[in-house]
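Participant: Shown below is the structure under consideration.
The values are calculated or read from the model by the stated rules, or taken from the named source; none is laboratory data. Quick caveat, the model's predicted, so the values are computed rather than measured. All Cβ positions, glycine included, derive from the backbone under ideal geometry; neighbour counts span all protein chains shown.
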């Protein structure tokens, strides 16, 4: 992979990562509820899933996945149901004192990691998208595994920075929203965003 090709790929990664999606919503929700340091574990979970998806594409399994309707539909509807579940949790989240909530870690690191992992891994569009995008930057005259490794490190590094921005922004906004009424509206706002993400995912169709 030449420097010019890598630079083009790097710019594409920034655009992809900054574009709001279920991962960004989950990161903001975690930052809002658990603060930056604890909530950022959700972003780590997102990256573990992203790495697995890139490995699937690099191994060639992505082609099989993209052309198998049953596998595609199963993962898609699992993702829809999980996003709706997150929406329900956010909608019914109890109102707590802001300062106490920031101190209290009522969700374990593993739970946050798992939450981020499931949000990303249950989106079949991600694998299909990676399958369509990553090969465009490959130099077929050179070993592919090294190029996939470079692309994986680049994409994950950029996504970690972007998700840190989303998580940190939400954790800062949290300090400005102290009243129970404001917290209630904010929680329900995130519930609506999770529901919208589920709706969008439900409309994804397998490419023919």
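Participant: Quick one: what pairs do we get from segment 87-98, first residue within 11 Å of residue 184 (Cβ to Cβ), second modelled with pLDDT of 75 or more and surrounded by fewer than 16 Cβ atoms within 10 Å (Cβ to Cβ), C-beta under 7 Å, 6+ apart or different chains?
Facilitator: 91/188; 95/184
Participant: Any idea which residue in segment 17-34 is surrounded by the most Cβ atoms within 10 Å (Cβ to Cβ), counting only those that are under 26 Å from residue 148 (Cβ atoms) and in contact with a helix residue (DSSP H, G or I) (Cβ under 9 Å, 6 or more places away or on another chain)?
Facilitator: Of everything passing the filter in segment 17-34, 26 is surrounded by the most Cβ atoms within 10 Å (Cβ to Cβ).
Participant: Checking the condition buried (at least 17 other Cβ atoms within 10 Å of the Cβ) and modelled with pLDDT of 80 or more, which residue from 156, 127, 150, 146 passes?
Facilitator: On inspection, the qualifying residue turns out to be 156.
Participant: Which of the residues spanning segment 35-60 are surrounded by fewer than 15 Cβ atoms within 10 Å (Cβ to Cβ) and modelled with pLDDT under 90?
Facilitator: 37, 55, 59, 60
Participant: Looking at segment 1-58, which of its residues are over 27 Å from residue 188 (Cα atoms) and not in a helix (DSSP H, G or I)?
Facilitator: Of everything in segment 1-58, those that are over 27 Å from residue 188 (Cα atoms) and not in a helix (DSSP H, G or I) turn out to be 1, 2.
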